[in-house]
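The values are calculated or read from the model by the stated rules, or taken from the named source; none is laboratory data. Since the model is a prediction, treat every value here as computed from it, not as a measurement. Methodologically, a virtual Cβ is constructed for each residue, glycine included, from the backbone with ideal geometry; neighbour enumeration extends over all protein chains shown. Surface accessibility is based on the protein's heavy atoms, side chains included, excluding ligands, DNA and RNA. Shrake-Rupley method; radii C 1.70, N 1.55, O 1.52, S 1.80 Å.
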Amino acid sequence: MKRIFVVGLIISSTIVSAQTKLQSPSAFLGYELGDRFTPHYRVVEYFKHVADAVPSQVRVQQYGETYEHRPLIYVTIASADNFKNVEQIRQDNLKRAGMLEGTPTTKVAIVWLSYNVHGNESNSMEASMKTIYELVNRENNKTKEWLKNTVVIIDPCINPDGRDRYMNYYNQYGNSPANADPQTREHRELWPGGRSNHYMFDLNRDWAWETQIESQTRIKIYNQWMPHVHVDFHEQGFNSPYYFAPAAEPFHEVISNWQREFQTIIGKNNAKYFDEQGWLYFTKERFDLFYPSYGDTYPVYNGAIGMTYEQGGGPGGGLTVTTAEGDPLTLKDRLTHHFTTGISTIEISSMNAAKLNDEFEKFFNENINNPASPYKTYVIKAENNPDKIKKLTDWLMTHQIQFGHASAGKVSRGFDFTSQMVNNFNLTTEDIVFNIYQPKGRFITTVFEPQNKLTDSLTYDITAWNLFYGYGMKAFAVNEKIAVAKSFQPKPNALENIPAKPYAYVFKYQSLNDVELLAALMKKGIKVRSSKKTFTLNGQSFEHGTLIVTQRNNETIADFDNAVQSIAKTLNRKIYISATGFVDKGLDFGSGDVNFLKMPKVALLMGEQTSSLNDGEVWHFFEQQIHFPVNMIGTDYFKNVDLSKYNVLVVPEGNYRLFEEVQLASIEKWITDGGRLIVIAGANSSFADKKGFGLKEFADEEAKKKAEKAEKEQKDLEGPMKYADAERKELSNSISGAIYKVTMDKSHPLAFGLDDFYYSLRTNEQHYIYLEHGWNVGVLKGKQKPVMGFAGNKINKKLENTLVFGVEDKGKGQVVYLVDNPMFRCFWENGKMLFANAVFMVGQ
């Protein structure tokens, strides 16, 4: 069954003036490009000016809005003839990809240039203005020729919030004239910097996961075009020469020979212009094509020639900076380099327009008719939690992945993501299937394959990301093609007859949607209880953590029953009702093990010394995912904060100098008086082996000495290290973002809603022994190696029998140790459940 995707474009509201004359960026802005940083709104105005001046070739369209309400725009540029048919060209391209029915009649290359995904890599938005001007400049005969067979799409700024944050910082602290000394304030950006978006997310790691509004809206437009070439413009440290394609190994094995080949063709064309000017550059180093959620890899896995271009500069570049060689590097230099590679890429794409179209079509024909991956179909079992099924299938739809149900049930065989073994299983007509015989086949493979083939363990990012593990889903990878015979039919919530005033409302607690319900009830002032034990009521089984809302203790809530039912309906939660507090099996609703949940008043430590990324993950979780208040407390004044106003303190990953002995003693007293401290990832080192806290790296001094002796003996055995081998030798002690199978005590409140095993995406090498006086809720038992991804042999040995998630009771309060970051990039669904339990369930 072939799915037809209906595609719609946002229409520009630009009013065209017949008198508008095209101006260069400098003429329009009133200063030369590179003399100062241009605010985002002025760049938008310039692009609109170009569209007004050349309406027969340029269209500006808004595709979204940032969290800080700045417009997100993209611009389509074509020759006058192609512009008349640009919608046909777009649709023909989707036909070529098999995403629309029909036979294409045009053969035009589509090149997409994306600028300023990192806000403090600031030159590329400036370069975008120079690029569009030269593309439509009537005196530029070269670009006129290229546009005869090429459509160019420009997104001048993927991250306007971060870009303006950096620009405002620089304008506030920059000397006049600009100071080239890299040690001065203007070159040392303050926390959190402009790299990230409003919620401090790295948008260049979010293309596939779409956790942020900028990514969600951009991916919709991207999939309406599916360009042949995509460039993601960046900056690196100001002492680095320019980087352009071809990329470094590892390349994922789904990447086609043509995609590899054309990267080199583009690189040689870029090199030609850099050689003419004597500019330094490098290729084939550092920036690989593996992790699927980058601005180069996401396009690659969707058929494009995807590339990262990196100019030296970044937040330390300012308007001018003196490099280590003693040379000046100016903003004008940097934008000129980006302009050159952008224009060069358009040129070489135009020269190969027919080949780009043919190879693009071949890429998708292979996907649809003869995909190479051994795993042809993925099966999501129907018995998975319906909220998780909905969230994952919604995600599939955003990427236009076709899925549905098989025509008939049968016994099948495949890789079982629960056991990591090949097993027989019963395929039913309610199970969800999606095969790789479709346009997005290679993208599906990169996200869901049981093991990815890593040709080089020296990588730029994480090496594992499978969403079945992230969601904790029962799923299978099958070697045979299972066709989708009918559309996906989600199971509706069965409606129950609700009496006027039931004794209690009962809600299952199994997903983040249930956490959102709990948060909404609490904000309304409704008192909620949670069962620490399993029970049976009216023949229905309820697991640990089940939420119970009784009439008792809620007498003061106006229109209580309507309030509970309205919240549940709004959040699509199934209501179970009870006419009694007397359960069929287990503990009654008045039991001491059915706890009243006190509303958390959450403080989140934020500022210098914290990881802005992890701070943002937690902040976004509260505000955008469960819609619950959070109080950001600055590290610069934390010592003066009255913690008694809060009952939960979240200490995100960070490199802390803040927690000195006096401060730790103050926090310990707050915990003993009833506070709950949640410590994430690297922050644990600030509390490990400290007075008053039970987290330890070694059981005692003797164990520490024994480990140090064993490590020294191993080094002596290996002999002196060669200088050339140093980087790779270190890999044996490192984890490149790998997935480990963690044994969970799901009876503990920290694990409510989870299973006996949790798949943890580990991004650090920390290791601590089991808590001697505490609850070892999530642990790595026995010999270790990742379920998926790369980790060195030495670090795997150190992880044997270590703590991953634990709770230490102290007086009336608790410390929750999260050695792994369960919130990493906010795409690990089960991790968010675990963090929610730390906030709402532990210690209640």
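When we screen Trp191, Trp207 for residues that are open to solvent by less than 10 Å² (accessible area, probe 1.4 Å) and assigned to a loop (DSSP other than H, G, I, E, B), the only hit is Trp207.
Please determine, by comparing only the residues of segment 446-475 that are open to solvent by 10 Å² or more (accessible area, probe 1.4 Å), of a type in the set (Ser, Thr, Tyr) and in a loop (DSSP other than H, G, I, E, B), which one is farthest from Glu829 (Cα to Cα). Filtering first and then ranking leaves Thr455. The residue of segment 270-290 that is nearest to Pro439 (Cα to Cα), among those that are surrounded by fewer than 24 Cβ atoms within 10 Å (Cβ to Cβ) and in contact with a helix residue (DSSP H, G or I) (Cβ under 6 Å, 6 or more places away or on another chain), is Thr283. When each of Ser196, Ser215 is tested for being open to solvent by less than 30 Å² (accessible area, probe 1.4 Å), of a type outside the set (Lys, Arg), at pLDDT 95 or above and in a loop (DSSP other than H, G, I, E, B), the lone residue that passes is Ser196.
For segment 803-832, give me each residue that is within 24 Å of the chain's Cα centre (by Cα), surrounded by fewer than 24 Cβ atoms within 10 Å (Cβ to Cβ) and closer than 21 Å to Ser530 by Cβ. The answer is Glu829, Asn830, Lys832. Here is a check on your reading of the model: is Thr534 surrounded by 15 or more Cβ atoms within 10 Å (Cβ to Cβ) and out of contact with any strand residue (DSSP E or B) (no Cβ under 6 Å at 6 or more places or on another chain)? The answer is yes for Thr534. When the strands (runs of 3 or more DSSP E) confined to segment 303-402 are screened for residues that are β-branched (Val, Ile, Thr) and open to solvent by 10 Å² or more (accessible area, probe 1.4 Å), those reaching at least 1 such residues are found at 305-313, 320-322, 328-330.
Elements of the type strands (runs of 3 or more DSSP E) sitting completely within segment 507-626 and holding at least 3 residues that are farther than 30 Å from Arg195 by Cα and not aromatic (Phe, Trp, Tyr): these cover 529-531, 547-550.
All of Ala51, Ala27 fail the test of being touching a strand residue (DSSP E or B) at 6+ places or on another chain (Cβ under 7 Å), modelled with pLDDT of 95 or more and either open to solvent by less than 10 Å² (accessible area, probe 1.4 Å) or under 30 Å from Leu329 (Cα atoms) (or both), apart from Ala51.
Residues of segment 799-824 that are of a type in the set (D, E, K, R) and under 17 Å from Ile735 (Cα atoms): Glu800, Asp820. Of Lys741, Lys781, Lys812, Lys794, all but one fail to be modelled with pLDDT of 95 or more and out of contact with any strand residue (DSSP E or B) (no Cβ under 9 Å at 6 or more places or on another chain); the exception is Lys812.
For segment 83-103, the count of residues that are part of a loop (DSSP other than H, G, I, E, B), touching a His at 6+ places or on another chain (Cβ under 7 Å) and in contact (Cβ under 8 Å) with a residue 60 or more places away in the chain is zero. Restricted to segment 359-407, and to residues there that are touching a Phe, Trp or Tyr at 6+ places or on another chain (Cβ under 9 Å) and among the charged types (D, E, K, R), the residue that is nearest to Val111 (Cα to Cα) is Glu359. Please specify each residue of segment 537-548 satisfying the condition of being of a type in the set (S, T, N, Q), modelled with pLDDT of 95 or more and either touching a helix residue (DSSP H, G or I) at 6+ places or on another chain (Cβ under 9 Å) or surrounded by fewer than 16 Cβ atoms within 10 Å (Cβ to Cβ) (or both). The one that is of a type in the set (S, T, N, Q), modelled with pLDDT of 95 or more and either touching a helix residue (DSSP H, G or I) at 6+ places or on another chain (Cβ under 9 Å) or surrounded by fewer than 16 Cβ atoms within 10 Å (Cβ to Cβ) (or both): Ser541.
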